[in-house]
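Data first, discussion second: the structure below is written as structure tokens.
The values are calculated or read from the model by the stated rules, or taken from the named source; none is laboratory data. All figures in this text were calculated on a predicted structure; none of them were measured in a lab. Every residue, glycine as well, gets a Cβ built from its backbone with ideal geometry; the counts of neighbours run over all protein chains shown.
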Amino acid sequence: MSKRHTSKVRRHSRSKVLEVRVMSPRIAWFRFLGFLGGVTKYALVLAAVGGIGWGGWQGIQHAFYKNPDFQLKVIDLNANPVINEAGLAELIGISPPPSLFDIDVAGVTAKLKGLPGIAEAKTERHLPGTLLVRVVARTPKAWISCPEAGLPKARQRGGMLVDQAGVAYPCPDLQLETSLNLPMIQLPHSQKFPITAGKPIGHPEFAHCCRLLDSAAAADPESLDWVDSVRQVNAWSLLLVTRQGISSTFGLGDHERQIQSLRMAMDHSNQKGYSIATINLIPKHNIPITLRSESATPRAIPVAEPSPAEIRQDRRSRDLKTLLDRN
């Protein structure tokens with residue numbers, strides 16, 4: 001047992017001597033030099049890779065970004081009533097003309113979509129020097145008037161329009177002329193339902209007025225020629241004013257019948273040569289109207305309610321006239 005113990009002690013002492021020899025200053029120095037050489041090799045490799053990358057980037061710069069062949073020369077913008085080429089150049093700030101590769105097409109698209117009058121936009125680079133831009137302008141449905149919110153009754157530049165999806169937007173200069181014949185929807189001021197450019201109008205009275213305008217357009221495609229304004233008077237009725245100044249009272253529903261009654265009354269007044277001041281279309285029978293006259297006091301005259309057969313015949317006649325006009 002003592003011999004085994006002595007051998008273990010000797011082996012332990014030898015390991016200590018070996019450890020001391022390995023950790024001597026000379027060996028440590030050589031190890032440091034080896035480590036430094038490895039680091040230097042890696043640094044040289046990284047420097048070489050970086051030099052190649054820098055050279056490649058400079059090559060790309062000269063081949064594309066600084067190449068005059070790829071300078072922006074043409075803005076290909078589709079015709080639209082919201083923005084033209086000069087306005088687009090000002091919007092994205094391309095003066096002097098940059099390289100086509102310097103233009104952030106995604107950023108240009110985002111700026112165009114940020115314009116309230118534009119519903120959709122797309123931007124593409126077409127080499128060597130064309131920026132292709134396609135926009136879809138909003139199609140106006142009516143004007144919005146709310147004097148308390150700063151929206152005047154006049155149809156003018158900068159006035160508020162609303163598109164077919166119910167989104168409000170200021171009237172662009174290029175869209176004014178084609179929008180002058182659109183009806184006006186008059187809304188009361190509401191802090192709960194503010195009218196904001198680029199946002200859908202959430203006012204409940206707006207929805208009621210739109211339903212009446214949609215019914216008028218469905219019953220008579222020429223309704224834009226004679227509808228001037230629409231507003232909600234109270235919880236159960238709407239007031240439609242024609243371009244001839246006829247104040248027509250509608251309910252919140254049954255608009256198709258009421259539009260037909262109004263058209264028949266207007267046609268009858270034109271044939272007989274009298275002028276209607278007011279008409280209440282909510283009753284189904286004996287619709288009361290008052291006449292506009294300088295020499296006589298307005299009086300109520302009952303107008304016969306059109307029958308379903310008369311309504312169908314009137315609609316077929318209008319459809320036939322539309323078809324003949326198209327042909």
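When Ile118 is tested against (1) in the same structural domain as Leu72 (by TED's automatic domain parsing); (2) among the aliphatic types (A, V, I, L, M); (3) touching a residue at least 40 places away in the same chain (Cβ under 8 Å), only condition (3) is not met.
Out of Arg231, Arg257, which single residue is in contact with a Lys or Arg (Cβ under 9 Å, 6 or more places away or on another chain), assigned by TED's automatic domain parsing to the domain that holds Pro188 and touching a residue at least 40 places away in the same chain (Cβ under 8 Å)? From the options Arg231, Arg257, the qualifying one is Arg257. On the basis of being in a helix (DSSP H, G or I), modelled with pLDDT of 90 or more and more than 38 Å from the chain's Cα centre (by Cα), does Ala265 make the cut? Judged against the criteria, Ala265 is a match. Taking the criterion of being under 21 Å from Arg157 (Cα atoms), charged (D, E, K, R) and assigned to a loop (DSSP other than H, G, I, E, B), the only residue of the stretch 182-232 that qualifies is Lys199.
Okay, residues lined up against (1) at pLDDT below 95; (2) surrounded by fewer than 20 Cβ atoms within 10 Å (Cβ to Cβ):
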site	(1), (2)
Glu222	yes, yes
Ser229	no, yes
Gln232	no, no
Trp236	yes, yes
Leu240	no, no
Asn270	yes, yes
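Conditions tested, residue by residue: (1) within 23 Å of the chain's Cα centre (by Cα); (2) over 28 Å from Gly114 (Cα atoms).
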position: Ala168; (1), (2): yes, no
position: Pro188; (1), (2): no, no
position: Ile201; (1), (2): yes, no
position: Leu212; (1), (2): no, yes
position: Asp220; (1), (2): no, yes
